1. In vacuum, with every alpha carbon of region B:1-148 counted as one equal point scatterer, what does the Debye formula give for log10 I(q)/I(0) at q = 0.14, 0.20 Å⁻¹? Two decimals, please.
2. Which loop GluC sites (Glu not before Pro) in region A:273-329, with loop taken from DSSP, have no more than 13 other Cβ atoms within 10 angstrom of their Cβ?
3. Please name which of A:157, A:182, A:192 has its Cα lying farthest along the dipole of region A:153-274 towards the positive end, using unit charges on Cβ (Lys, Arg +1; Asp, Glu -1) and the Cα centre as origin.
4. Nearest 20 debye, what's the magnitude of the dipole of chain A about its Cα centre given +1 on Lys and Arg Cβ and -1 on Asp and Glu Cβ?
5. Take the alpha carbon gyration tensor of chain B, find the square roots of its eigenvalues, order them as a ≥ b ≥ c, and report rounded if a/c is under 1.5; if not, report prolate when a/b exceeds b/c, else oblate.
6. Go through A:347, A:167, A:39 and say which Cα lies farthest out towards the positive end of the charge dipole of chain A; charges sit on Cβ, +1 for Lys and Arg, -1 for Asp and Glu.
7. Which of B:9, B:197 comes first, and how do the rest follow, when ranked by fewest Cβ neighbours within 10 Å?
8. Size of the dipole of region A:224-289 about the Cα centre, Lys and Arg at +1 and Asp and Glu at -1 on the beta carbon, nothing else charged, in debye to 20?
Amino acid sequence: MHGGSTLDALVAELRAALAPGRVLNTAAEKALYAKDGSATTPSAPAVVCLPVSAAEVQACIRIAQAHARAITPRGSGTGLAGGAIPLDEPVVITTTKMNKVLEVNAEERYAWVEPGVLNLDLTKIVSAHGIHYAPDPSSQQSCSIGGNIATNAGGPHCLLHGTTSAHVLAVEVALPNGELVMLGGLEPDPVGLDLRGAFVGSEGTMGVATRIAVRLMADPPAVATMLASFATIAAASDAVSAIIAAGLLPAALEMMDANCIKAVERFAHAGLPEDAGAVLLVEVEGLSAGVCGASVLIDRVCRDHGATTVRTAADAVERALLWKARKSAFGAIASIKPNYYLHDAVVPRTRLTEVMQRVVEIADECDLIVLNVFHAGDGNLHPLLVFDRREPGIMERVERAGHAIIELCLSVGGVLSGEHGIGIEKRDYMGLLFSDDDLRHQDLLRHSFDPTAMCNPHKVLPAGSRCGELQHVPEGAWI
Amino acid sequence: MQITRSQPSAVTLAFAEAVGIDGCVAVEGGRTHWQYGGTLAPNVRLLRAPTGVVSFEPEEMVVRCGAGTTVAELTEVLATKGQLCALDPAQPNLATVGGVLAAGVSGHRRLRQGPVRDSLLEAQYVAADGAVIRAGAPVVKNVSGFDINKLLVGSFGSLGLLAEVVLRCRPAPVLSQWIQLDGADPRQVRAAVYNPSSILWDGNTVWVLVEGDPADVEAETRTLRTVATVELVMAGPALPLGGRLSLPPGTLYNCMRADGPVAGLGAWVAEIGVGTVHVEHTPPLPPLPNAHLQRTLKRAYDPSGRLAPGRFPW
């Protein structure tokens, strides 16, 4: 489909528009960009571009278009659903070099940033003003703001503060047709339709974000971080429901099971109880009196539901250690097995206990190890199947377990993804969650932004989501 | 084969049948937000959306209701379990949940609670071709697919007619206190308080709504006393109902200028930290940004323009 001489011409034009050193096309370089943080099969792009400005992003898009190439936007490549995997040998446009914080307005609590700014770096840069960027995915040391927008990223503190969408005021976007537009603004309500809201979470299919106005929040005057241990996941899950039922909305409410605790403690040495069946990490924030009252209430609720110990972090150091333990869960699993398959389903909170029980059973049935770490406050599970993919026959069991977990979560009224996005990984399950009409309506939105379907194709929506759509077969697909 | 959600209710299906597949239609609720958006074209068939709270799960912090349910009815149901939803229309006995969402009009507690669009978790709506479509899901966290709900809010029914919605709830505050500060500088007030529900300003007086734990309310009140003279009052100011401006919050202080954004619009009250200004006289229609993209979307969802024609006025 794409001849060698055409590829040379494509690369040459891109190099002329950007700079020779920022357009990569050796096999080794392309291999690095063929994958993301997921277990999806890698797929090499035609060429990788590293623009430094919106104008360069537009140029990449236009040149790709002129060569009938798709484009795939990429942030830090930490995505867990295959959203940044280049399919159809596209032009990958990666924003890692667009990493400047352009403006910080501490009084009005917003900042303009480039898409390649790393999530945690943003908070560090603004911290001197007593403000921070609230959405805090566990990958925040490496993931980018642009990537966060693509997936509408979450994180533990989204329980109280909302996900990325609630923290994006405006996005400048290079559209799939090469045009540069500003969606949203500093004003509270859009004129006409909320295009900004529609763009957040669109997983790179509606264009490339080139500049973003983010909302920043004041650091809370008081914080209490508590760790409660339970003998069983069931007891911990019931405590979660009881905390919510008591009228509390903590800033974060996280759970880890025994397997996870053991793995993490070896790495983080946070003093997690290695004999516990599950721990809850609960954080409340606000003014001192309210935080005090909430802590007392949470302590009581946990103990009423069988907590064997409830410990409150004594200072910022201990608080940081507890969070390090929680956020290093994925990294720590490498000490058990080299590969993992991470799920991201959401279930109603009241079904957590039975679902967690069934997840453990599914893992047992498939003879796999499972670690459970998740955002218990909003029912967002992350069952982690850990394995060594070199083991004969294991991938079939991993996929079988994965499928069973997804069907289980959907059957209790849950959804496919709480924060990682659909990408490639969950695309073909969308029909279990939505009707054909529902999917067609989602495609109306996508198609309005990208009529030629050349912007990160084959992601999110399964083939056939549009009436009369021609099945696009990726090059190299074995029919 | 779908293995999850239940099918649309009988009431929703009846509503879809009433919408039909052709002819111009629009939904009429309490008629409380018709000063927003454009004028409805003549000879449009008016329908009423399904009413009533279908289910409320306080442990999940979600509520499902017909779009035609009044905000007052919803509020009452949620209050029985000490919860609320971030909808604060001026006339809750008349305003419907669907109307507030379709008009995209947020309440005066937006500073703390966020805009109404962040409350909508799932929408079942009737499309231009009469199909019942579900966008989103009844869970508080969801990134499964594209966020049509964000388009629906503020679309005045021009992309689809809301039938049934699932909203996110929050614990209701234990205590609510309005504090009036005559002659205060709103910037100073804003810098002083931590997490007020509302800061309102009419150029002379600042009103702050502090809500939450009684000891927290007391602490915030004490802090405000260091900024200006404080008077505890029963209510905030009456909000002008002619219309609204949407300004970058950092520019609100320009409202004091004779040639500023509120010139000619009569009495005004600004939401500090948010940027909404409530004005007495309906402001002129602003130009439509990204008009091509917006019209493409509108045409995609409603090719013949039969849904609430005229309400999307550009």
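What follows is calculated from the coordinates using simple rules that are stated; it is not laboratory data. Quantities reported herein were computed from a predicted structural model and do not represent experimental measurements. No Cβ is skipped: glycine too gets one built from the backbone with ideal geometry, and neighbour counts run over all protein chains shown.
1. -0.73, -1.48
2. A:274
3. A:157
4. 740
5. The shape class here is oblate.
6. So the residue we want is A:39.
7. Ascending Cβ contact count within 10 Å gives the list B:9, B:197.
8. Numbers: 2 positive and 8 negative charges, 8 e Å.
I would put it at about 40 debye.
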